[in-house]
Amino acid sequence: MTTQPDPICPLCQRPIPPGVPQSLHHLIPKLKGGKGGPTVLLHHICHKEIHATLSEAELARVYNTPQALRTHPRLAGFAAWVAKRPPDFMSKVPKRRR
C-alpha cells in the first residue's frame with residue numbers, strides 16, 4: 001500500500017498533514033458568485049490571514065488564484081514567516097485592517 005503525500009498549502013507551500021487545522025478556500029468568494037467554483041485546501045491559519053487581509057471584492061476581482069494571493073505584499077510576508085513554522089503551527093491572526 002502506497003501512502004499519498006500530504007497536500008501542499010498553496011499559500012505557504014508547507015505540507016498539510018492529516019489532523020492539522022485546515023480549510024477549503026473558494027478562489028472566488030461564494031458571495032461574489034463563486035459558489036460551486038474552484039476551491040483550494042489551505043492551513044486554517046493561512047486561510048484566516050487571507051480573509052483578514054483582503055475584502056471579498058478584492059478576492060473576486062484580483063486575488064482569485066493561489067499565484068495572485070502570493071503576490072499580495074502582506075500575504076507574501078506572512079507566507080515567508082509562517083513557512084519557517086511546523087505544519088501544525090497555529091497563532092492568533094490579527095483582525096482585518098480597515
The helix 44-53 Cα axis meets the longest alpha-carbon principal axis of the chain at an angle in degrees, between 0 and 90 and rounded to 10, of 20 degrees
Please identify, among LEU42, LEU31, LEU54, the residue showing maximal mean-square fluctuation in a Gaussian network model of the chain using a 10 angstrom Cα cutoff. LEU31
Whole-number value, in Å³ per residue, for the convex hull of the alpha carbons of the chain is 108 Å³
Using Cα atoms only, what is the angle between the long axis of helix 73-82 and the major principal axis of the chain, expressed in degrees (0 to 90) to the nearest 10? 20 degrees
How much area per residue is accessible in the chain when the probe is 1.4 Å and only protein heavy atoms are counted (Å²)? 62 Å²
Which whole-number percent is the relative contact order of the chain (Cα, under 8 Å, 6+ apart)? 30 percent
Just GLY36, GLY19, GLY77 to compare: in a GNM of the chain, with alpha carbon springs under 10 Å, which one fluctuates most? GLY19
Enumerate by residue number the trypsin sites (Lys or Arg not before Pro) in the range 3-83 meeting two conditions: DSSP loop (anything except H, G, I, E, B), and at most 11 other Cβ atoms within 10 Å of the site's Cβ. LYS35
Gyration tensor on Cα atoms of the range 14-61, a ≥ b ≥ c root eigenvalues, a/c under 1.5 rounded, else prolate if a/b beats b/c, else oblate, says oblate
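The values are calculated or read from the model by the stated rules, or taken from the named source; none is laboratory data. Predicted model only: the values in this text are computed from it and were never measured. Methodologically, a virtual Cβ is constructed for each residue, glycine included, from the backbone with ideal geometry; neighbour enumeration extends over all protein chains shown. Keep in mind that these areas ignore ligands, DNA and RNA; they rest on the heavy atoms of the full protein, side chains included. Shrake-Rupley method; radii C 1.70, N 1.55, O 1.52, S 1.80 Å.
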